[in-house]
Structures are given as C-alpha cells and as structure tokens.
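Asks: Okay, here's the structure, questions in a sec.
The values are calculated or read from the model by the stated rules, or taken from the named source; none is laboratory data. This one's a predicted model, so the numbers in the text were calculated from it and none came from an experiment. Cβ sites come from the backbone with ideal geometry, for glycine too, and all protein chains shown count toward neighbours.
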Amino acid sequence: MLEKGKISLRQFTVLVLLYTVGSTILIIPSILTSVAKQDAWIAGFIGLGGGVVAVFLYSSLASKFPGKNFSQILEQLLGKWVGKTVSLVYLLTFVFLLCLFVLRDIGDFMVSVMMVETPIEVIHFTFLVVVIFAVRQGLETLSRTAELFLPWTFFLFLILVFAVSPHIDFNAARPVMEFGLKPVLNASISFLTFPFLELIVFLMIIPYVNTQHIRKGFLTGTLIGGGSLILISILSILVLGVVDTSESVYSSYDLAKQINLGGFIQRVEAMMAFLWFTTVFMKLTILTYVVSLGLAQTLELHDHKVLTLPLALIMYVFSIDLFPNISFLIEFTQTMQIYVLIYGAVFPIILIILSNIRQVRSLKPKENEAGT
C-alpha cells in the first residue's frame with residue numbers, strides 16, 4: 001500500500017461532501033435550468049436518486065475487494081497486465097481529464113467575473129502550486145484540512161441562503177411540468193453525471209478509511225452535497241428567474257450579487273467566492289491525489305509523490321491547450337458527459353458482473369469437493 005495514512009469515516013464523509021459540491025455549484029443551476037426550465041428542482045431530485053444508486057454500486061464493488069483500491073481491484077479481476085492497461089486508460093482518459101476540466105473551470109471563473117485582467121495562466125499556476133503541496137502532504141492531512149474548511153463553508157452557505165431569501169418569488173417556479181417529462185429526465189441525467197457518477201474516484205480512497213462501514217458515510221456525504229446543489233438551483237430560479245439563470249454561466253455567483261441587507265450589506269460576492277474556492281480546491285486536490293496514487297500503484301512505484309510535479313506541469317499545459325476558451329469548454333461538456341457515463345456507470349456495472357461470475361466459479365470446486 002503506497003498510502004500509509006488512515007482516515008476516519010467522518011473525514012471520508014467530509015471529503016465526499018466537498019467533492020460533490022466541488023465546481024458543480026458554479027455551473028449546475030445553469031445546466032439544469034437551460035434544459036428543464038422551472039422544473040430544474042424536479043430534475044435535481046431525480047438525479048440525486050440516481051446518485052444514491054451509484055453510491056450503492058460503488059460501495060458494493062469496494063466491499064467485494066476489502067483493503068484494495070481501484071487499481072488493485074482491476075488487476076485482481078482482469079489479470080495483472082490487462083488490469084494495469086485498463087487502469088492506465090481509466091486514470092489518463094477519465095480522472096486526469098476531470099483534473100483538467102476542474103482546473104479550467106476555476107480559471108475561466110476567475111478571469112471571467114473576478115480578475116478579468118489577470119492571465120488565466122497565472123491563475124492555473126497559483127492554484128496548482130497549492131494543490132500539489134496538498135497532495136504531497138498525504139491523505140490524512142488533506143482530510144484534516146477538509147474538516148477545517150467544512151464549518152466555514154457551511155457558514156457561508158447559510159449566509160447566502162438567508163441573505164437572498166427576501167428576494168424569492170415563488171411564481172418563478174410555475175407552472176410545474178409545463179414542458180412535460182422529457183426535458184426533466186434529460187436534465188436529471190446531466191445532474192447524475194456531474195457530480196454523482198464522478199464519485200467512482202473514491203474507490204481509490206475507500207481502502208484507507210478506518211472502518212468497514214463505508215456506505216453510511218458515502219451516502220451521507222452524497223446526500224448533503226447533492227441537497228446543497230439542489231437548494232442553490234432552486235434559489236437561482238426563485239431569485240434570478242429562469243431566463244437569467246439559464247443564460248448565465250455562473251448563476252450561483254450572480255445569485256450572491258443579489259445580497260442586499262438594508263442597503264448596508266451588499267456586494268459581498270467576492271467573500272462568497274471563498275465557498276467556491278474551497279470546494280473546487282478540495283475536488284481538484286482529490287482528483288490529483290487519485291491520479292498520482294493510481295499511476296504509482298499501476299507502475300509499481302515506491303512513492304506517488306514523485307509524480308506530483310510532472311502531473312502539475314502536464315495539467316498546466318494541457319488545461320490551456322485542450323480548452324482554448326470557455327466556449328469550447330462548454331461545448332466539450334457534452335462529450336465529457338459521455339465519458340463520465342461510461343466510466344461512472346457502465347464500467348462499474350461490468351466489474352460487478354465479472355466479480356459475481358468469478359465468485360460463482362470459485363464456489364463450484366468447493367461444492368464438488370463437498371459432494372465427493
């Protein structure tokens with residue numbers, strides 16, 4: 001085991017929660033509303049239900065291979081060399097691509113609405129320095145940091161909810177199901193994809209949780225994080241309206257601009273950005289940690305930390321070259337959704353089927369011996 005540290009179930013829950021919110025909190029109201037309109041909240045609950053099913057799937061797969069991370073599971077199921085090959089493909093074409101996606105998200109957000117005259121390269125470099133430092137500290141330090149961030153994140157989230165509540169107009173959510181069920185289901189697939197099917201990356205972390213009752217913490221983090229995203233989407237519709245929410249790329253940031261308490265407390269969206277920085281930082285750090293740990297495990301290295309600097313340099317270059325502008329990133333989201341559906345849904349289902357077949361085959365010789 002390359003990672004020697006252990007984390008508690010509570011720390012694992014916090015990691016799942018912050019990862020679920022992640023960069024999704026910036027974009028999910030716009031994504032849901034552009035498809036489902038005022039019924040985005042219905043799509044959100046359907047997507048969350050699918051996320052719960054995904055968590056059961058991932059925890060079931062982990063329980064069949066106790067003490068093994070995802071790369072080790074692949075090697076045990078598929079054989080050493082096939083397993084290593086599939087692991088490399090999974091890490092480089094899915095998890096690493098998610099790293100680039102999240103990094104570009106925060107870069108575009110900063111240069112679009114907060115630091116418009118700052119080159120995006122500077123934003124990416126600064127963010128990566130902190131992320132790589134965090135990854136090199138190990139899983140225990142990362143988990144403790146997440147615990148420190150959580151109260152402040154929760155506090156700012158509550159301020160946002162209560163501060164914009166006077167601007168709520170419930171008529172913005174009417175009529176219900178105006179355009180039928182199809183757009184709601186289409187939007188729910190997007191919500192299921194981002195972020196719930198991405199939670200498969202935690203199969204690399206589960207072996208280092210200091211308990212065997214993973215499912216409870218996994219579900220708790222997913223439900224709280226998913227519920228927070230649905231609440232932000234509902235508030236965006238009720239405060240900004242369907243049109244403004246669907247047309248804005250970062251509608252949750254625009255929501256924070258509506259805070260105005262007595263004409264005295266206003267224009268505090270920059271302070272609210274701390275909430276988004278925290279969750280995006282945790283998500284990108286977890287993804288980078290999973291990539292470095294998985295590659296080291298697959299390549300049979302003695303320490304995953306030696307990969308952090310090369311990964312950071314490649315991420316820095318590719319995040320600019322692969323996604324030249326925000327318009328391309330938005331268009332690529334459709335392609336990325338297909339990747340996540342394959343790796344987050346189809347892939348683990350196939351692995352569950354293979355593990356069940358293997359289990360049945362292993363029981364047959366024992367039954368024959370018993371009969372003899």
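Asks: Go through (1) farther than 24 Å from L150 by Cβ; (2) in a helix (DSSP H, G or I) and name the single condition K4 misses.
Replies: (2)
Asks: Additional query: Report whether or not K68 is over 28 Å from H213 (Cα atoms) and over 15 Å from the mean Cα position of the chain (by Cα).
Replies: no
Asks: Then there is this: Given the options E147, E117, name the one that is over 25 Å from F323 (Cα atoms), surrounded by fewer than 20 Cβ atoms within 10 Å (Cβ to Cβ) and out of contact with any Leu (no Cβ under 8 Å at 6 or more places or on another chain).
Replies: Answer to the check: E147.
Asks: Right, next: Name the pairs: first residue in the stretch 344-368 and more than 21 Å from L192 (Cβ to Cβ), second residue surrounded by 10 or more Cβ atoms within 10 Å (Cβ to Cβ) and at pLDDT 80 or above, Cβ to Cβ under 6 Å, at least 6 apart or on different chains?
Replies: Matching pairs, first to second residue: L354/L77; S355/K64.
Asks: While we're on this one: Between a residue in the stretch 208-235 that is more than 19 Å from I189 (Cα to Cα) and modelled with pLDDT under 95 and any residue that is among the small types (G, A, S) and assigned to a loop (DSSP other than H, G, I, E, B), which pairs come within a Cβ distance under 7 Å, given they are 6 or more apart or on different chains?
Replies: Qualifying pairs under 7 Å: Y208/G5; N210/S8.
Asks: Could you grab the pairs with beta carbons closer than 8 Å, sequence gap of 6+ or different chains, first residue in the stretch 55-80 and within 17 Å of G221 (Cβ to Cβ), second one hydroxyl-bearing (S, T, Y)?
Replies: If the second residue must be hydroxyl-bearing (S, T, Y), the pairs left are V55/T222.
Asks: Go through the residues of the stretch 276-296 one by one and say whether even a single one is under 30 Å from V55 (Cβ atoms) and at pLDDT below 90.
Replies: So far as the stretch 276-296 goes, yes, one or more of its residues are under 30 Å from V55 (Cβ atoms) and at pLDDT below 90.
Asks: Among the residues of the stretch 161-201, what is the count of those that are more than 22 Å from L48 (Cα to Cα) and of a type in the set (A, V, I, L, M, F, W, C)?
Replies: Number satisfying all stated conditions: 6.
Asks: Go through the stretch 155-170 and report how many residues are farther than 12 Å from I234 by Cα and either surrounded by fewer than 14 Cβ atoms within 10 Å (Cβ to Cβ) or among the basic types (K, R) (or both).
Replies: 4
Asks: Okay, next question. Limited to the stretch 188-235, what total is found for residues that are farther than 24 Å from L275 by Cβ and surrounded by 20 or more Cβ atoms within 10 Å (Cβ to Cβ)?
Replies: Of the residues in that region, 8 qualify.
Asks: Now a separate question. Determine which member of the set S143, S165 is more than 18 Å from the chain's Cα centre (by Cα) and either part of a helix (DSSP H, G or I) or modelled with pLDDT of 90 or more (or both).
Replies: Matching residue, one of S143, S165: S165.
Asks: Could you tell me which of the residues P207, P175 is in contact with a Lys or Arg (Cβ under 8 Å, 6 or more places away or on another chain) and either of a type in the set (D, E) or over 23 Å from F332 (Cβ atoms) (or both)?
Replies: Just one listed residue meets the conditions, P207.
Yes/no per residue for (1) among the hydroxyl-bearing types (S, T, Y); (2) touching a Cys at 6+ places or on another chain (Cβ under 6 Å); (3) in a helix (DSSP H, G or I):
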| site | (1), (2), (3) |
| --- | --- |
| W81 | no, no, yes |
| T85 | yes, no, yes |
| V95 | no, no, yes |
| V116 | no, no, no |
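Asks: Another question about this same structure. Can you go through I132, I159 and tell me which one is assigned to a helix (DSSP H, G or I) and under 28 Å from E3 (Cα atoms)?
Replies: Criteria check complete, one pass: I132.
Asks: Separate question: Being surrounded by fewer than 16 Cβ atoms within 10 Å (Cβ to Cβ) and either touching a Gly at 6+ places or on another chain (Cβ under 6 Å) or of a type in the set (S, T, Y) (or both) is the filter; apply it to the stretch 48-94 and report the residue that is farthest from N186 (Cα to Cα).
Replies: By that ranking, first place goes to T85.
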